[in-house]
1. Taking 51 Å as R0, compute the FRET efficiency from the Cβ-Cβ separation of VAL162 and LEU91 and round it to 0.05.
2. Using the basic label-point model (7 angstrom from Cα toward the beta carbon), what is the ALA288 to ALA151 distance in nanometres?
3. Shape call for segment 65-185 from the C-alpha gyration tensor, a ≥ b ≥ c root eigenvalues: rounded (a/c under 1.5), prolate (a/b greater than b/c) or oblate?
4. Sorted by average packing, counted as other Cβ atoms within 10 angstrom per residue and highest first, what order do 161-172, 228-239 take?
5. Beyond 16 Å, what share of the Cα-Cα pairs of segment 243-292 is found? Please give it as a whole percent.
6. Rg and Dmax of segment 138-184 over Cα atoms: what are they, in angstrom?
7. Please compute, over every Cα-Cα pair in segment 128-274, the percentage with a separation greater than 21 angstrom.
8. Using bins 5 angstrom wide from zero, how does P(r) for segment 143-229 break down, in % of all Cα pairs?
Amino acid sequence: MNGDGTGGAVDPVTAGADGGHISRWQRWGVGALVVGELTVLLCLVSGVRFPWPVVLAAEALVLTAFTTGVVMAARRYRRFRRAGEERGPALRRAAGRGVPPLARRMIAHEARAMVSLVLWAARRRHGVGPGARAAGYARCQAPMMFLLTLASVIETVVLALVIPWPVVHAVLLVLGLYGLLMVVALHASCVTRPHVVGADGSLRLRYGALFDLRIPAELIASARYERRYTDGRLLRVDEAGALDLAVDSQTSVTVELTAPVTAVRPLGKPVRTRLIRFHADDPRAAVAALRHGAVAEGERSAGAPARGASTAREQLPVSAPAAGSAAPGCASGSGSGSGSGSG
């Protein structure tokens, strides 16, 4: 069965004009050529000189791949238009079919991270509308990000000093600077994209540019402060179906839902869950914001059943931490808290 659930059936859209398939190696080949072209350009900018026949050959390969991709995308676009699709969706589908899904997701992640650098410099936050309350989560991981940034700087400098070959030196320098930029961009995305509790009691959970989950207010049954320690993974679904969105190997807020929601992992795999644990720098404030949003939504609701449901959530106390749990905020170490571990 194909990854799109077609059961191995031939998708006419992915076939060429002559009925042949657009194979995976062709799409990855185009991507590899583009990466190679960028590497050559960066080396040239940094002062490394290649023999002109090599540069011309690389340019010819890239031009051929680009032309082939444009022709294939144009054929797919005409096919979509003949099938009755609008111009915008047809153009997006035609362009997207030429790039592997994983590559599209990674490009989107990196683009959002770069935008977050601009937002961070401007001291702005993404997706926090009027009446919404932001719940940050980047405070605990800031020391780790600082250490990663420092390690990237040291690695880049050391490699620049010990590598004697100019071409290898230039490539590693570019990769080192790019890695340093991505570490800073990851932290910037976590700062500028906090969790958000909407004015209506809805919840938006995020981790930088990698994870984004929206939960409607009517699906939230309860929320409580509960510190737990995980195995270090960012996103984990245990045997019981609970989803852990951890920061610095810990979660501090547990949200139970009335119905399952679908979350998408950073690499695109969907998971279903009815219980979510996430971390907030101020977990009690996050829980209080959820309760306040539920009360406001209940007051705006005209139906009696909705009022009853919101009243039940209004009366729900903020659960006290279990014995031995740390105070709200960041907890150092990986000792046992409430429900030690992530299972």
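1. After rounding to 0.05, the efficiency reads 0.60.
2. About 3.7 nm, to one decimal.
3. The shape class here is oblate.
4. Numbers: 161-172: 13.2, 228-239: 16.5.
Top to bottom by mean Cβ count within 10 Å: 228-239, 161-172.
5. The answer is 48 percent, as a whole percent.
6. Expressed in Å, the Cα Rg and Dmax of segment 138-184 come to 12.3, 41.
7. 54
8. 3, 12, 15, 14, 14, 10, 9, 8, 6, 5, 3, 2, 0
The values are calculated or read from the model by the stated rules, or taken from the named source; none is laboratory data. Since the model is a prediction, treat every value here as computed from it, not as a measurement. Here the Cβ is made from the backbone with ideal geometry for all residues, glycine too, and neighbour counts use every protein chain on show. The accessibility values were calculated without ligands, DNA or RNA, using every heavy atom of the protein model including side chains. Shrake-Rupley method; radii C 1.70, N 1.55, O 1.52, S 1.80 Å.
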